[in-house]
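Single-structure report; data block below.
Any read-out appearing in this document is the output of simple, stated calculations on the displayed coordinates, not a laboratory observation. Quick caveat: nothing in here was measured; it's all calculated off a predicted structure. Don't worry about glycine lacking a Cβ; one is built from the backbone with ideal geometry, like all the others, and counts go over all protein chains shown.
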Amino acid sequence: MIRDEELDALLRTAPWMSEDGRKADRYARVDHAELGSAALLLVVAAVGGPASGRRFFVPVDLRGGRDEPREAHAVDEFHTAAVLRTLAGGTLRTARGGAVEFRGAGGGVREVRRLPFERGWSSNALSLMEIGGVPHIHKTYRCLDDGVREPDLLRLMNGTGRTPQWAGDYAYVDPASGTRHPLGVVYRYAPGDGIDVPLRQNLRSLWPALSRLLKDGAPESVARRHLRPLEDQLREAGRFLRGFHTDLADRLGDGTPQPAYPAAEQLAQAEHRLAELHGRTTADPALPARAVRRAFHAMNAEVAALRAELERPGASWTGGGPCHGDLHLSHLLWHPPALIDLSTPSTAPTAPGWPAQSPLEDVVALQRGLEYFAADEAAFEAAGRLEVDSLETMLGSLDGAPHLPAAQQDVLRQVFAVADHWRERVRELLLGPASDGPLRRLLYLRRLLHELAYNHAHTRPYHAAIDLRHALRLGEGGRGAHREPEDVRP
Ligand SMILES: Nc1ncnc2c1ncn2[C@@H]1O[C@H](COP(=O)(O)OP(=O)(O)OP(=O)(O)O)[C@@H](O)[C@H]1O
Ligand SMILES: [Mg+2]
């Protein structure tokens with residue numbers, strides 16, 4: 001068994017441990033099971049400090065010959081044993097009378113081995129495994145109390161072709177409460193990149209030709225023309241996303257109609273947040289005062305318009321239903337399309353939070369993802385051209401950069417104008433018409449406010465400036481409204 005000091009050393013310095021988790025006074029072993037001789041499956045809890053009580057799943061490699069135990073993620077034997085156990089199904093008893101329950105999709109005994117896997121940072125641990133010759137992901141969850149629903153969602157979505165095929169999962173069953181906490185899942189590796197990859201390539205290939213292209217056309221036509229090679233795939237990805245929402249509602253629903261979206265409550269929260277943010281944003285010396293004033297004026301006007309909409313007799317805010325819940329551009333895989341990292345907030349009509357979710361949240365998440373993406377690319381490109389830093393160009397996109405010479409202001413304006421038209425065209429192709437429906441507008445406003453609050457809390461004026469750029473465009477109503485109705489059918 002691992003000693004307290006060893007456990008402490010392992011957790012406090014672990015790269016995945018959150019800041020508040022690191023501040024625990026100590027870490028206590030809550031329960032454990034032995035996965036044969038391959039690993040000790042430990043459940044530990046932070047004691048004291050801001051994360052007190054939070055529980056973590058820590059598989060540990062205890063096989064002799066080394067001075068210090070290490071996390072078993074580094075060891076092939078752990079992954080092989082966990083995956084084989086998952087595929088076979090069954091239960092491991094834990095020391096405190098709980099259980100680790102494995103369930104597999106079946107399919108017989110297959111050969112399992114670990115493959116090299118290069119990928120970016122993520123909060124959980126992912127490894128690539130070959131099962132019977134087919135690449136799979138073995139994902140383990142670090143934190144027990146995050147309400148992880150991904151394994152169940154993957155299992156329920158099996159066969160839709162929208163998400164990677166589920167092969168099995170395992171969960172800790174708490175002996176005191178009987179609740180299940182997912183520890184790991186095994187699912188098919190999906191080839192291909194997130195949709196951000198071809199988009200970045202496309203936009204970056206536009207910049208070197210910008211001056212030449214602008215001689216022959218306005219920023220809008222330059223952007224539209226440059227996106228032509230991606231049009232079909234963006235439309236296809238959009239149809240795929242709409243199909244995903246239909247399948248998700250089918251698989252999670254029980255045939256009863258979707259209840260009304262709790263719009264009044266959500267709007268009241270947005271109003272409250274907007275009032276809270278006003279002082280903080282106005283007080284931020286990094287942000288141009290006039291743009292801040294105008295942005296808050298626009299957000300207040302949007303709240304008032306939504307309230308009027310809510311109070312209209314007979315108004316009904318359609319559009320509720322389950323959603324992905326954490327949709328970044330990189331979670332929408334491309335070529336062939338697939339959705340990964342599902343985080344649906346509520347997975348059954350009987351579960352809490354079911355009425356307060358909507359596929360439009362995903363639409364808004366991608367829309368905002370595109371807004372950050374295009375503004376970031378434009379700020380970077382303009383900074384290179386003007387030889388200033390990109391915070392200056394980002395803020396300049398808000399107030400026109402009055403301190404710069406007119407020729408430089410023109411460069412800034414041009415780059416951002418093309419990037420803005422490019423983004424609108426991507427949004428149009430991918431997400432269909434900019435619905436002016438009140439629920440989409442409410443969800444957009446809520447997300448904008450959430451992100452503005454986050455950007456203040458983390459002192460990110462560069463990103464807050466992007467939020468303000470888009471707050472200023474609120475109320476333009478139906479902007480980018482669709483010209484080509486065939487784009488929008490699922
Ligand atoms: N089935 C899959 N096929 C291919 N790549 C995958 C698959 N699942 C995950 N990945 C890769 O691993 C990365 C991390 O996966 P994922 O987003 O599920 O992890 P996470 O720990 O939940 O991340 P986050 O901290 O962002 O929530 C993905 O962005 C993707 O690059
Ligand atoms: Mg995730």
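Before moving on, here are some points about what is shown:
- Distance between the modelled labels on residue 93 and residue 376, one decimal in nanometres: 5.1 nm (7 Å Cα→Cβ projection).
- Contact order, relative form, for the range 234-367: 31 percent (alpha carbon pairs under 8 Å, 6 or more residues apart, mean separation divided by residue count).
- Helix 289-311 axis, angle to the chain major axis (alpha carbon atoms, nearest 10°): 80 degrees
- Measuring max minus min along each principal axis, the C-alpha atoms of the range 191-294 give extents of 52, 47, 26 Å (largest first).
- Estimated translational diffusion coefficient (Stokes-Einstein, Kirkwood radius over Cα pairs, 25 °C, 0.890 mPa s) of the range 26-188: 151 µm² per second.
- Helix-only arithmetic for the chain: the sum of -39500 (n - 2.57) across DSSP H runs with n ≥ 4, divided by the residue total, places the mean residue ellipticity at 222 nm at -14500 deg cm²/dmol.
- Rel. contact order, % - alpha carbon contacts under 8 angstrom, at least six apart, the range 1-135: 17 percent
- Packing-based exposure ordering (other Cβ within 10 Å, fewest first) of 122, 343, 127: 122, 343, 127
- Total charge dipole magnitude, the chain, about the Cα centre, Cβ charges on Lys, Arg, Asp, Glu only, Debye to nearest 20: 400 debye
- Positive end of the dipole of the chain (Cβ unit charges, origin at the Cα centre): among 81, 129, 233, the Cα lying farthest that way belongs to 233.
- Taking the range 100-176 and dividing mean pair separation by its residue count, relative contact order in percent (alpha carbons under 8 Å, at least six apart): 35 percent
- Distant-in-sequence amide H partners of residue 130 (H built 1.01 Å from N, under 5 Å): 113, 114, 115, 136
- Residue 413/residue 190 FRET efficiency (R0 45 Å; Cβ-Cβ; nearest 0.05): 0.65
- Ranking of 387, 150, 476, 231 by neighbouring Cβ atoms within 10 Å, starting from the fewest: 387, 476, 231, 150.
- Treating r as the C-beta distance of residue 260 and residue 180 and R0 as 25 Å, the FRET efficiency rounds to 0.25.
- Along principal axes, Cα extents of the range 197-488, largest first, whole Å: 61, 45, 33
- Acute angle (nearest 10 degrees) that the helix 196-206 long axis makes with the longest principal axis of the chain, alpha-carbon atoms: 30 degrees
- Cubic angstrom per residue, convex hull over Cα atoms of the chain: 178 Å³
- Dipole magnitude for the range 1-140: computed about the Cα centre from +1 point charges on Lys and Arg Cβ and -1 point charges on Asp and Glu Cβ, it is near 360 debye.
- Across the range 246-261, computed HN-Hα scalar couplings (Karplus, 6.51 cos²θ - 1.76 cosθ + 1.60, θ = phi - 60°) run 5, 5, 5, 4, 5, 6, 8, x, 10, x, 7, x, 5, x, 4, 6 Hz from first to last residue, x flagging Gly and Pro.
- Whole-Hz ³J(HN,Hα) from phi, Karplus 6.51 cos²θ - 1.76 cosθ + 1.60, for the range 389-402, glycine and proline x: 8, 6, 5, 5, 6, 5, 5, x, 6, 8, 10, x, 6, x
- 0 to 90° range, to nearest 10: angle between helix 263-282 axis and the chain longest Cα axis: 70 degrees
- Counting neighbouring Cβ atoms within 10 Å and putting the fewest first, the residues 16, 121, 422, 207 line up as 121, 16, 207, 422.
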